[in-house]
Amino acid sequence: MSTWYQQLSHQLEIDRDLGVQFIQRDTNVAAPVEQEDPDLSKQQPLPGLELSGSAAEQLETIATAVAACTRCGLCEKRKNSVPGEGHAEAELMFIGEGPGADEDRQGRPFVGAAGQLLDKMINAMGFERSDVYIANIVKCRPPGNRTPEEDEAAACMPWLEQQINIIQPKIICTLGNTPLRALSGNPKAGITRMRGKEFMWQDIPVIPTFHPSYLLRNAEAKKPCWEDLKLVVSKLGRELP
Ligand code: URA
């Protein structure tokens, strides 16, 4: 049994890793993260994007624009861009890292081995894949499946911001380190410490959990991941199936 002091000290370490600047009374909820000022030289505005029509039509406009995007070097080697897919007004949005080889071939997110596990996770939560929206931090495959560079993530972020603003999910569930870092604004945040700790992106609650690829290699992480997914379901006011 750890003492209250050890528990508090552990919580403070987690908060510090998230970049928390002040402390709330409810220690299950991380205080709001100060978003770092974006580097505007990297975040050029999206060129002349006219968004109109239904949410689905607006997402389609973004997908078309993403297919022509040259905002970073990842466009050079892509077979297909992978804008994201799912329900245009989903209450739950999953955000992964970036497309792998299978996704690059098909132009769809999470269709490989990690995607099959993500589908099972979604079903276990009581959803169909078509009920949720699935996107990534970068829309083009990083060569050799390397982690996207910070400047690549920053260049791609305006697309994701537009998607989130259109979909207006009630909760975002991030998968792994890359989306945790991008949305928390803390490039040093680590998923092992931060999983299950809610923070806000703009006015939307974010619950970070492990990436399905990590779960495929580390079966012991499945149990804590399931705790995170159950938290998502309960925050949505739903029952498990
Ligand atoms: N891993 C990701 O992060 N995204 C995908 O779309 C596929 C695998």
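None of the figures in this text is laboratory data; all of them are computed from the coordinates on show. Being a predicted model, the structure only gives us computed values, none of them experimental. Positions of Cβ are backbone-derived with ideal geometry, glycine not excepted, and every protein chain shown enters the neighbour counts.
Of note:
- Ranked Ser234, Ser52, criterion: other C-beta atoms within 10 Å, fewest first: Ser52, Ser234
- With the Kirkwood sum run over all distinct C-alpha pairs, segment 100-176 has a hydrodynamic radius of 13.7 Å.
- Counted charge near Arg146, where neighbours are those whose Cβ lies closer than 11 Å (Asp, Glu -1; Lys, Arg +1): -2
- Based on C-alpha pairs under 8 angstrom that are at least 6 apart in sequence, segment 136-201 has a relative contact order of 28 percent.
- Annotation: the residues Arg193, Arg141, sorted from fewest to most other C-beta atoms within 10 Å of their own C-beta, follow the order Arg193, Arg141.
- 5 angstrom amide H check on Glu198, placed H, neighbours 5+ away: Ala30
- Descending semi-axes in Å of segment 54-235, equivalent ellipsoid built from Cα gyration tensor: 23, 18, 16
- Charged-residue dipole, Cβ positions (Lys, Arg, Asp, Glu), segment 54-235 about Cα centre, Debye nearest 20: 620
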